[in-house]
Number of protein chains: 2
Amino acid sequence: MASAAELYSELTQKLTTTATLASVSAVLGWDEQTYMPHGGAEHRANQLGMLAGMIHEHATTPRVGELLDELSGSEYTKSPDSPEAANIREAQRDYTRATKLPRRLVEELSRVTTLGQHAWIDARKASDFSKFQPWLEKIVKLKREEAETVGYGSGVPYDALLDEFEPGSTAAEITSLFTPLRDALVPLIAKIRESGKVAPVEILERSFPIDAQRSFSKYASQKIGFSYEEGRLDEAAHPFCSGFGPGDCRLTTRYNFHHFPGAFFGTLHESGHGIYEQGLPKGAFGTPLGSAASLGIHESQSRLWENFVGRGRAFWNHFYPTAQAMFAESLGTTRFDDFYWAINDVRPSFIRVEADEATYNLHIMLRFELEQPLVAGTLQPADVPGVWNETFTRYFGITPPNDAQGCLQDIHWSFGGIGYFPTYTLGNMFAAQFYEAAARDLGDLPGLIAKGEFAPLKNWLNEKIHTHGKRYRAQRLAEMVTGHKLSHEPLVKHLQGKYSELYGI
Amino acid sequence: MASAAELYSELTQKLTTTATLASVSAVLGWDEQTYMPHGGAEHRANQLGMLAGMIHEHATTPRVGELLDELSGSEYTKSPDSPEAANIREAQRDYTRATKLPRRLVEELSRVTTLGQHAWIDARKASDFSKFQPWLEKIVKLKREEAETVGYGSGVPYDALLDEFEPGSTAAEITSLFTPLRDALVPLIAKIRESGKVAPVEILERSFPIDAQRSFSKYASQKIGFSYEEGRLDEAAHPFCSGFGPGDCRLTTRYNFHHFPGAFFGTLHESGHGIYEQGLPKGAFGTPLGSAASLGIHESQSRLWENFVGRGRAFWNHFYPTAQAMFAESLGTTRFDDFYWAINDVRPSFIRVEADEATYNLHIMLRFELEQPLVAGTLQPADVPGVWNETFTRYFGITPPNDAQGCLQDIHWSFGGIGYFPTYTLGNMFAAQFYEAAARDLGDLPGLIAKGEFAPLKNWLNEKIHTHGKRYRAQRLAEMVTGHKLSHEPLVKHLQGKYSELYGI
C-alpha cells in the first residue's frame, strides 16, 4: 500500500507534467502573436492542436482520477484550507471538467480557434464580418457543445463556460454585481457629459517617438516591480501577458506614434499581470497552488497597476518630470494638471481597450449581454453585427461606423474565450477593493507612490494575494484580504472621487 | 488484414506526429537562443527535457517497429529507389538507432546539454574553461554511452556519433577525403603567405551602422531566394537556421558595427540553409522524404551561397553599388577590387566562424583530430585546452591567447554535437562539386549572378537537391547530380583559381 505522501507526490508530479506541456503550448502561442511569419500559421495550428490533445490526455489520465479518489479520504483533506487539501480540491475540479471533454472536441477547438484567430485578423483588417462569421459559427457551436458536455447545475449553459475562467461564478451572480454598478455608472457618466467640460486629450495625440515610448514603458514597468531578468516586453497586435513558468513571463504591447496612452498604460496593465505571475510560488509550479486564483483576480492585478496606481496623481507626481524630459517636444511645456486630466478623460468611445475607467465597464456589460443569448442559441452569429450596434447605441448614444470598431474589435471569441469578458469588470471591482485595503494597511500609499516607492504595495500584493495561488477561491480570497465581500461600492467610490474632482460634479 | 497502403499510411502518420513534436522543440530552442530571459533557463531545460523524452517515446513506439517489419516485404520496397521504399528505409534506420537508446539517456542528454549551453556561454564570456569542463565531462561521458549503446560495426566508437549527422559516414572515409584536401591546402596557404601580399581588410572594419547592415543582409538574403513570407531573421549569439516545418524557417545572425563580413556572410550562409529548408517538399513534412539528406548536404547549401556565390566577383558586380550607397561613409570611395580582395583575405586566425575559405578547413581538421580521442577516451576533457593550443600552433603557426579564442569558441560540444564538425568541410566539398555542376548546366552562371538573376541557380538546387529530401543518401545524391563521386578536387580547384588571381601565385 502506497502512503498518502507517496500518492500525493505522484499526483503533483502528474500535474506538473501536464502544466509543463501547457507551458510549451504557451511559448508557441506567444511566438505566434509576436514573431511568427505569416506562412507558419497552418503548421502552428497543427502543432498547437497536437499539444492540446496531449495536454488533454495527460490531464485526463485515469491514474489521476485514482490518485484523487484515494487521496479524497486521506489525512491531507482533513483540514480543508491546508495547501495539500487545496491542491487536491482544485485538481479534482480540473480533472472532473477535463474528463468530461472528449479529446476530439479539445483538438477540434484548438484547431478551429488557431485558424479562427487568423481569420479574425484578416476580417478586422478588412472590417468585414463575413470573413469571420463562418469561424464564429464553428466556435460558438463547439463552445455550446463544450457547455453541454461539461454540464451546468444552474440550467444556464453560459455558466459552464464562465466557470472555466472564473471558477464557481454564475451569470446570475455576475448580473447581481453588474446591475448596481451600471445603475451608479450611467448617471455618473451622464453628469460628466452634462458638465460640459472636455479633457485636453489632444496632448496625448502629439508626437511620441516609438523608441522613447519603448524605453519609458519599460522603465515604468521595471520600477513598479516587473523583473526583466525573468521576463520580456515585445510587440503584438493584441497585447497580452503570458507566464511560461518559473523565471519566464512575457509581456506584449503595441506602439502608436500619435497616441501615448495605448502602449504606456497597456504596458502597466500587462506588467500587473506579469507581477502576479512572477509572484506565484515558484516551487509550486504545475499545481493549483502555483497558479493564479482566477481570471478576475488576475485582471484585478493589471487594473490595480494600470488605473488605481498608473492613472493616479501620485504616480505622475513621480513620473511626469521624466516623461517631460523624454517627450520634450510634446510634453515639455504641458502643465501637469492638463496631462493628468487628459489621461483621465471620460467619453463614450468605440474601442474597449481604449476606453476610460468608467465607460470601460459598459463595454463589458454589452459583451456579457450578447454572449449569453449567443450560447443559449437565441442569437445567431450572423446577427451579431446588428445586435452589437443596436446595443452599443443604447448604451453609449453613438453607433460604430464599421465592424472593425464594433463587433470585430476583440480577439476573444476567435480564441474561444466566450465567458471571458465579465472577468474584466470583476477585475475592476476586485482591484478597487484590494487597493482600498492596501491603502488602509500601508498608511500613506499615495505618499509612497509619489516618492517612487512601489515595493511596499508590490510586497503587500505578493504576500496577500500572489503567494496563495489557487489556495482560496477568488471571492473568498477577496473577503479574507479586505474584510468585505466583493461589492461594486469601492469601484464606484473610486470613480466618483476621481471624477468629481476633475469634472467638478 | 490491413493492406500495405493502410500500413504505409499509418507509418507516415506516426512519423509526422513525432516530427511535429520535434518541431515544437525547435521553436523552444530558437526562443532560447533569441529572446528568452536569463531567468527562464531552468524551466526551459525542463520543457526541452520532457519533450525529448516524449519524442523518443513516439519514435520508439513498438507499433512503428511492427509497421516497418510488415512493410519490409511489401510491394513498396520492391523498387528500392521509389519514394515509399526510401521512406521505409530511412524510417527503419531512425527506428533502429532510436530504439537502442534508453529514454533515461535521451532525457539526461537533453537536460545536461541545455544546462551545458548556458555554462558554455558563461565560460566563454569569462574565457574560463574550468566553468565548462565539468559539463564537457558529463557530455562526453553521455555521448560515449550513446556510442556504445548505438554500436559501431567499424570498431571505432566515434563512427556511431558521426552517423547521426552524416548517415553512413565513417572516420576512415572522412580521413581519406580530408588528407588529400589538407595536402593541397597547406602549400596553397603557404604560397599565399609567402607572396607577401596582404589584403586591405581594414576596409571591413570601418563604420557599418547596424540598421543598414540589417537591411542590406535581409535584402541580399531575399534577393537570392529566401522567403520572408515563410521565415524571419533575428539575432543570436551563435547564428543558426532552424526550420520549424512547412512555411516557417528562422535564420539568426549577429551584428558588429566594426565588422561588415560577420553579419552579411553569416546571413547569406544561414539563408542557404533556409532556402534548402524552404525547398523541401511541404507535403512530405515529417517523413524522411521531407527532411534534409544530411548535415553535409545542408552545409553544402549554406557554403554554396555564402562562398561560391557571395564571395564571388559576379555577386559584387551586382551588389557593390548598393553596398556603397548604404555604407557611403565606409565604402563610398573604396575601389571594387580592394573590397573584393578584403572579403577574400586569407590568413591564419583563431576563430573558425571568421576564417576564410581556405584556412576554414584546417579549423575543422583540428576539431576532427581532437574529437576522436575524446570519444575513444584517450584524451581527457581537462586536457582539451592544452592539446587544442598545441594542435592549433602546429596547424596555423600561431597560439590562441585564451580559451575564448581557443577551445571555448564553439557551441557544438555544449549541445552534444560531437561528430558534427566534419560535416562542415564535407559541406565545402559538396558545395564545390554542386556549383561546378550548376555552372555546367546553366551556361553563364557568373553572368546571371552579375545581373542579379538568382532564380535559375535557386531553381536548379530546388530541383536537383532539395526536392528529394532524404530519398538518396548524401554521397549518392552528389554523384547523381554531378556525375562524379565526392572528391576534394573541385574545392581545391576553386580555391586555387580564386587565390592565384588575387595573390598572383
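The table that follows gives values for the structure above.
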{"item": "Subset of the range A:272-292 that is assigned to a helix (DSSP H, G or I) and over 25 Å from residue A:254 (Cβ atoms) - its residue that is nearest to the other protein chains (Cβ to nearest Cβ)", "result": "A:282"}
{"item": "Cross-chain or 6+ apart pairs with Cβ under 7 Å, the range A:361-373 first and farther than 12 Å from residue A:181 by Cβ, then among the aromatic types (Phe, Trp, Tyr) and at pLDDT 95 or above", "result": "A:366/A:392; A:367/A:421; A:370/A:388; A:371/A:158; A:371/A:421; A:372/A:158"}
{"item": "Test: residue A:186 is exposed (fewer than 15 other Cβ atoms within 10 Å of the Cβ) and either within 14 Å of chain B (Cβ to nearest Cβ) or not in a loop (DSSP other than H, G, I, E, B) (or both)", "result": "yes"}
{"item": "Residues located in the range A:258-279, provided they are of a type in the set (A, V, I, L, M, F, W, C) and farther than 18 Å from residue A:322 by Cα", "result": "A:275"}
{"item": "Residue, farthest from the other protein chains (Cβ to nearest Cβ), within the range B:9-24, restricted to residues that are among the hydroxyl-bearing types (Ser, Thr, Tyr) and out of contact with any strand residue (DSSP E or B) (no Cβ under 9 Å at 6 or more places or on another chain)", "result": "B:9"}
{"item": "Hits in the range B:226-249 - residues which are in contact with a Pro (Cβ under 9 Å, 6 or more places away or on another chain) and more than 8 Å from every other protein chain (Cβ to nearest Cβ)", "result": "B:249"}
{"item": "Where a residue in the range B:230-247 is of a type in the set (A, V, I, L, M) and its partner, wherever it lies, is part of a loop (DSSP other than H, G, I, E, B), with Cβ under 8 Å and at least six apart", "result": "B:236/B:254; B:237/B:254"}
{"item": "Subset of the range A:34-43 [more than 7 Å from chain B (Cβ to nearest Cβ) and either surrounded by 20 or more Cβ atoms within 10 Å (Cβ to Cβ) or over 22 Å from the mean Cα position of the chain (by Cα) (or both)]", "result": "A:41"}
{"item": "Extreme residue, surrounded by the fewest Cβ atoms within 10 Å (Cβ to Cβ), among residues of the range A:141-167 that are over 22 Å from residue A:103 (Cβ atoms) and small (Gly, Ala, Ser)", "result": "A:155"}
{"item": "Helices (runs of 4 or more DSSP H) contained in the range A:332-414 and holding at least 2 residues within 25 Å of residue A:166 (Cβ to Cβ)", "result": "A:360-376, A:384-396"}
{"item": "Filter pass, residue A:60 being under 30 Å from residue B:245 (Cβ atoms), in contact (Cβ under 8 Å) with a residue 60 or more places away in the chain and not aliphatic (A, V, I, L, M)", "result": "no"}
{"item": "Evaluation of residue A:27 against (1) more than 8 Å from chain B (Cβ to nearest Cβ); (2) touching a residue at least 40 places away in the same chain (Cβ under 8 Å) (one fails), failing number", "result": "(1)"}
{"item": "Given (1) surrounded by fewer than 22 Cβ atoms within 10 Å (Cβ to Cβ); (2) free of Cβ contacts under 8 Å to residues at least 60 places away in the same chain, number of the condition residue A:281 does not satisfy", "result": "(2)"}
{"item": "Residue in the range A:390-413 that is in contact with a Pro (Cβ under 6 Å, 6 or more places away or on another chain), more than 30 Å from residue A:137 (Cβ to Cβ) and of a type outside the set (Gly, Ala, Ser) present", "result": "no"}
{"item": "Complete set of residues in the range A:100-109 that are part of a helix (DSSP H, G or I) and closer than 30 Å to residue A:5 by Cα", "result": "A:100"}
{"item": "Meets criteria (at the interface with chain A (Cβ under 10 Å from one of its Cβ atoms) and in a loop (DSSP other than H, G, I, E, B)) for residue B:50", "result": "no"}
{"item": "In the range A:404-418, the residues that are farther than 21 Å from residue A:372 by Cβ and either buried (at least 19 other Cβ atoms within 10 Å of the Cβ) or out of contact with any helix residue (DSSP H, G or I) (no Cβ under 8 Å at 6 or more places or on another chain) (or both)", "result": "A:405"}
{"item": "Residue in the range A:446-464 that is of a type outside the set (Ser, Thr, Tyr), touching a residue at least 60 places away in the same chain (Cβ under 8 Å), within 16 Å of residue A:304 (Cβ to Cβ) and part of a loop (DSSP other than H, G, I, E, B) present", "result": "yes"}
{"item": "So residue B:6, is it more than 13 Å from every other protein chain (Cβ to nearest Cβ), in contact with a Leu (Cβ under 7 Å, 6 or more places away or on another chain) and either surrounded by fewer than 19 Cβ atoms within 10 Å (Cβ to Cβ) or part of a loop (DSSP other than H, G, I, E, B) (or both)", "result": "no"}
{"item": "Subset of the range A:215-245 that is part of a loop (DSSP other than H, G, I, E, B) and more than 20 Å from the chain's Cα centre (by Cα) - its residue that is surrounded by the fewest Cβ atoms within 10 Å (Cβ to Cβ)", "result": "A:229"}
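The rows are residues; the columns are (1) within 24 Å of the chain's Cα centre (by Cα); (2) in a helix (DSSP H, G or I); (3) in contact (Cβ under 8 Å) with a residue 40 or more places away in the chain.
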residue	(1), (2), (3)
B:54	no, yes, no
B:64	no, yes, yes
B:71	no, yes, yes
B:81	no, no, yes
B:87	yes, yes, yes
B:91	yes, yes, yes
B:98	yes, yes, yes
B:111	yes, yes, yes
B:121	yes, yes, yes
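Residue by residue, here is whether (1) within 14 Å of chain B (Cβ to nearest Cβ); (2) of a type in the set (D, E, K, R); (3) surrounded by 19 or more Cβ atoms within 10 Å (Cβ to Cβ); (4) within 16 Å of the chain's Cα centre (by Cα) holds:
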residue	(1), (2), (3), (4)
A:251	yes, no, yes, yes
A:270	no, yes, yes, yes
A:294	no, no, yes, yes
A:315	no, no, yes, no
A:324	no, no, no, no
A:328	no, no, no, no
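The values are calculated or read from the model by the stated rules, or taken from the named source; none is laboratory data. Owing to the predicted nature of the structure, the values given are computational and were not obtained by experimental measurement. Cβ sites come from the backbone with ideal geometry, for glycine too, and all protein chains shown count toward neighbours.
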